[in-house]
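**Student:** One structure, as structure tokens, below. Some questions next.
The values are calculated or read from the model by the stated rules, or taken from the named source; none is laboratory data. From a predicted model like this one, the values you see are computed outputs, not experimental measurements. When we count neighbours, we look across all protein chains shown, and the Cβ atoms used for this are built from the backbone with ideal geometry, even at glycine.
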Amino acid sequence: MSRNYAAAKAKPKYATAQIAVWWDMRDCPIPEGYDARQVRPSIEAAVKKLGYSGPVSITAFADHKQTSEQHLQGLSSTGVAVTHTKSSRICKFMFSDMLEWRGRNPPPATMMLISNQVKDVFSWELARLQQETMYNLFLACSCEPPSNTDLVTSAEWRWESLLDEVKECSETTGESSKPGELTCKPCKLGCQSVESFRKHLSTKKHAVEEARWNCTELDPVTRKWAKNYAAKPEHATAQIAVWWDMEDCPIPEGYDARWVRPSIEEEFKKLGYSGPVSITAYGDVKQAPDRLLLGLSSTGVAVAHATPDVIYMRMSSDMMDWVDDNPPPATIMLITDQMDSFFSRDLVHEQQEDKYNIFLAYSYRPFKMSALVTSAEWLWETLLAVSVSETRRRVLQKCSERSESTGMFSCKVCIDDFKRFDDLRMHLSGDAHAREEAYIISNFQYNERNREHGLIKRVEKEQTFEEESSPGGSCSSS
Ligand SMILES: [Zn+2]
Ligand SMILES: [Zn+2]
């Protein structure tokens, strides 16, 4: 599936901020007959068209034994830094360079990647980094712009057309007063001139050093981030909205439904969160006993009837509606086993626009780490097993003494709200609801989507007991 190249105008805070460019010259080489001195002015002209005028730093990564002296001279003389690595390790070094740069350059600033490896190599790690610390992101590639990635970019170019930019502006070359640095990554060596750089790359010492390292994996830095850390001040008293999938994470046999809310709140409190908590429980109300639903409702948990055909879609659209009305700081919690297969893509994108605090609970530990960065995760059963403090016991006692329910009731099949539990029950046994449910069941799209999720769910359940797969692996080298 192809899509168009994005090109949004600069937001004021990025308009004059610096722009750092990581350029993979293996994927996006200098075309035959093209003057290397025009690369910098072309990039500068392209970003200027969108309203960016901040200082631009560019680093060209490649096996520079393959790069002509003329190109090296052209790049260096225009202030483009030149970094040598063998081809298989370009992505690794680009990424570690990005990490280092992010550490030294707090936002606002723009990162630009010139690479065809964004979807396959960078997107997962970068999307996670972006959720932690947000930069404006540009992309150029010599292929189609990547679709279905976790990453949100504000501008994209095709490499070849980007290089033509300067012709439309003026026939300048980007001569710079300060020549670009020439670095050999494997030897961690900086060279003074193109001559000494080329000479170094041909030495035996360099060949030996380069042969020593073979790890090509990206630094798994985001995999090591802490979980369940104490609340940051801006989130400590902010509201917490919980969407709970009772199909995946049901109330265990014999467990008192009135304990769900206080258990959840107690666990939040342990991490320093004391904001108001709203909870909506989604499930097939027709199959659930009254005692359980009334127990939830008596503690202010909203009860939403949703059949397997609609449950994830409704949870997701309710959550996105809520996001529209509730800007950060706030915490979003999902209780579900479908984070990666259903919810994470939308949320990961959302998190690169408006950053929320994210909690997650599941009935089993996911077999792979999500692109979505959470600040706390729980096993559903462990969460329910939390012992509840004396104050909360008293509150709970009071709640359960009330005869009227305090929560809200809704039918997510028909999208209808009810004040009283009896009204929902009556609605669910009526003809109008039966017709709506039958319609949804016969609706091809719903069934199709549901089948997909059923399949993913089965695969995930089968893999529950396997070791957590770790595509980034653990690897430490230069
Ligand atoms: Zn070297
Ligand atoms: Zn209904």
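**Student:** Within segment 137-150, take every residue that is within 23 Å of K11 (Cβ to Cβ) and surrounded by fewer than 22 Cβ atoms within 10 Å (Cβ to Cβ) and give me the one that is farthest from the chain's Cα centre (by Cα).
**Tutor:** That would be P145.
**Student:** Just checking, does segment 241-252 include any residue being aliphatic (A, V, I, L, M), free of Cβ contacts under 8 Å to residues at least 24 places away in the same chain and either out of contact with any strand residue (DSSP E or B) (no Cβ under 8 Å at 6 or more places or on another chain) or not assigned by TED's automatic domain parsing to the domain that holds V118 (or both)?
**Tutor:** Within segment 241-252, not a single residue is aliphatic (A, V, I, L, M), free of Cβ contacts under 8 Å to residues at least 24 places away in the same chain and either out of contact with any strand residue (DSSP E or B) (no Cβ under 8 Å at 6 or more places or on another chain) or not assigned by TED's automatic domain parsing to the domain that holds V118 (or both).
**Student:** Quick test of your reading of the structure: P12 fulfils all but one of (1) in contact with a helix residue (DSSP H, G or I) (Cβ under 9 Å, 6 or more places away or on another chain); (2) over 16 Å from K178 (Cβ atoms); (3) not charged (D, E, K, R). Name the failing condition by number.
**Tutor:** (1)
**Student:** Just need a number here: residues in segment 329-348 that are modelled with pLDDT of 95 or more and farther than 26 Å from T382 by Cβ.
**Tutor:** 1
**Student:** Name, by its number, the condition in (1) over 18 Å from I358 (Cβ atoms); (2) loosely packed, with under 14 Cβ neighbours inside 10 Å; (3) touching a residue at least 24 places away in the same chain (Cβ under 8 Å) that does not hold for Y229.
**Tutor:** Against the list (1) over 18 Å from I358 (Cβ atoms); (2) loosely packed, with under 14 Cβ neighbours inside 10 Å; (3) touching a residue at least 24 places away in the same chain (Cβ under 8 Å), Y229 comes up short only on (1).
**Student:** Which of (1) modelled with pLDDT under 95; (2) more than 16 Å from ligand 1 (Cβ to nearest atom); (3) assigned to a loop (DSSP other than H, G, I, E, B) does N116 not meet, given it meets every other one?
**Tutor:** (1)
**Student:** Another question, if that's okay. Are any residues in segment 349-372 of a type in the set (F, W, Y) and either under 18 Å from E234 (Cα atoms) or at pLDDT 95 or above (or both), and if so, which ones?
**Tutor:** Of everything in segment 349-372, those that are of a type in the set (F, W, Y) and either under 18 Å from E234 (Cα atoms) or at pLDDT 95 or above (or both) turn out to be Y356, F359, Y362.
**Student:** Of V166, V221, which residue is more than 16 Å from ligand 1 (Cβ to nearest atom), out of contact with any strand residue (DSSP E or B) (no Cβ under 8 Å at 6 or more places or on another chain) and farther than 25 Å from K9 by Cβ?
**Tutor:** When all the criteria are applied, what remains is V221.
**Student:** I'm trying to understand the selection: among the residues of segment 282-330, which are part of a helix (DSSP H, G or I) and either without any contact (Cβ under 8 Å) to a residue 24 or more places away in the chain or aromatic (F, W, Y) (or both)?
**Tutor:** Q287, Y312, S317, D321, W322, D324, D325
**Student:** Sticking with this one: Taking the stated definitions as given, is R258 in contact (Cβ under 8 Å) with a residue 60 or more places away in the chain, touching a helix residue (DSSP H, G or I) at 6+ places or on another chain (Cβ under 9 Å), more than 16 Å from ligand 2 (Cβ to nearest atom) and among the basic types (K, R)?
**Tutor:** So R258 fits the description; yes.
**Student:** Next up: Give segment 314-328 a look and list any residue that's farther than 22 Å from Q352 by Cβ and surrounded by fewer than 17 Cβ atoms within 10 Å (Cβ to Cβ), or say none.
**Tutor:** none
Matching residues to (1) assigned to a helix (DSSP H, G or I); (2) crowded, with 21+ Cβ neighbours inside 10 Å; (3) modelled with pLDDT of 95 or more:
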{"position": "A17", "(1), (2), (3)": "no, no, yes"}
{"position": "V39", "(1), (2), (3)": "yes, yes, yes"}
{"position": "F61", "(1), (2), (3)": "no, yes, yes"}
{"position": "V82", "(1), (2), (3)": "no, yes, yes"}
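**Student:** For segment 375-382, does any single residue satisfy the condition of being at pLDDT 90 or above, among the hydroxyl-bearing types (S, T, Y) and surrounded by fewer than 14 Cβ atoms within 10 Å (Cβ to Cβ)?
**Tutor:** yes
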